[in-house]
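First the structure, in the form of structure tokens, and then the observations on it.
Laboratory data are not the source of any read-out in this text; all were calculated from the coordinates shown. This is a predicted model, so every value here is computed, not measured. So basically every Cβ, Gly included, is an ideal-geometry build from the backbone, and we count neighbours across all protein chains shown.
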Amino acid sequence: MKRTKFTESQIGKALKENAQGRKVEDICRELGIHKGTFYNWRAKYGDNSADMIAATPANIDIYYILAERSREYYGEGYRWYDLIRTQKWEELASTYEIAGSNKGDHTAETISRTIEPHHYLRPIPQGQIELMEMSPEDKAAYQNPEY
């Protein structure tokens, strides 16, 4: 069976249709999924499907989109790029809570860090700069600030 990725709103719509009385078999046939997949969705998303359906352009803002993308691309490394592109990195990542550093220590510690404007840019690799055909002064000016 072909594996496709469904958005949370598509999953929520399918769950809502089932809650309104539509048969699971009909929904699965329409979406091209196995019944087991549908029941897994119900177990995972069943409680908040109404919230997913309620998402409208009136209540979707940049924070909603960033939160959704962080769940969708969890572990794929896109979070940093999203926060940099939207200029929200300092606001959303300057403080965070993490458990204690000792084994068995579950007391939450709040960690604060200073994110300065030059941290939004990564350094250009020196090997790439050296291969450019320009004067040494231009090469020095080509590097991102603070590096």
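When the scattering of the chain is computed by the Debye formula from its Cα atoms alone, each counted once and equally, what is log10 I(q)/I(0) at q = 0.08, 0.14 Å⁻¹?
Result of the Debye calculation: -0.45, -0.92.
In deg cm²/dmol, rounded to 500, what helix-only [θ] at 222 nm does the chain give when every DSSP H run of at least 4 residues adds -39500 (n - 2.57) and the total is split over its residues? Intermediate values should be presented prior to the final figure.
Numbers: 9 runs with 72 residues, N = 147.
Theoretical 222 nm ellipticity from helices: -13000 deg cm²/dmol.
Tilt of helix 62-72 relative to the longest C-alpha principal axis of the chain, in degrees (0 to 90, nearest 10)?
The helix 62-72 is inclined about 80 degrees to the chain.
Loop only by DSSP, 12 or fewer other Cβ within 10 Å of the Cβ. Give me the GluC sites (Glu not before Pro) in the stretch 83-147 that pass, ordered by residue number. Spell out each step's value before the answer.
Values: sites: Glu90, Glu91, Glu97, Glu109, Glu130, Glu133, Glu137, Glu146; in loops: Glu133, Glu146.
Those satisfying the criteria are Glu133, Glu146.
Kindly state, as a whole number, the per residue volume in cubic angstrom of the convex hull around the alpha carbon atoms of the stretch 8-54. If you can, show how the numbers build up before the last one.
Working: hull volume 2.8 nm³, N = 47.
Given the Cα convex hull of the stretch 8-54, per-residue volume reads 60 Å³.
Among all lysine pairs in the stretch 11-147 that are eight or more places apart or on different chains, how many have alpha carbons less than 26 angstrom apart?
On the way: Lys13/Lys23; Lys13/Lys35; Lys13/Lys44; Lys16/Lys35; Lys16/Lys44; Lys23/Lys35; Lys23/Lys44; Lys35/Lys44.
For the stretch 11-147, the number of qualifying lysine pairs is 8.
If you put +1 on each Lys and Arg Cβ and -1 on each Asp and Glu Cβ, how big is the dipole of the chain around its Cα centre, in Debye rounded to 20? Mind dumping the intermediate values first?
Working: 20 positive and 23 negative charges, 230 e Å.
Using Cβ point charges on Lys, Arg, Asp and Glu, the chain gives about 1100 debye.
What length, rounded to one decimal in nm, is gained on full extension from Gln20 through to Ser70, with 0.36 nm per residue of separation minus their alpha-carbon distance? Present the calculation step by step, with values, prior to reporting the outcome.
On the way: separation 50, 0.36 × 50 = 18.00 nm, distance 3.06 nm.
The Gln20-Ser70 span can extend by a further 14.9 nm.
Which loop chymotrypsin sites (Phe, Trp or Tyr not before Pro) in the stretch 1-110, with loop taken from DSSP, have no more than 11 other Cβ atoms within 10 angstrom of their Cβ?
Tyr74
Please compute the modelled spin-label separation between Ile98 and Gln126, points set 7 Å along Cα→Cβ, answer in nm with one decimal.
Inter-label distance under the simple model: 2.9 nm.
Excluding the sites themselves, what is the longest stretch of the chain that contains no trypsin sites (Lys or Arg not before Pro) in a DSSP loop with at most 11 other C-beta atoms within 10 Å?
Numbers: sites that count: Lys2, Arg3, Lys5, Lys23, Lys103, Arg113.
In short, 24-102.
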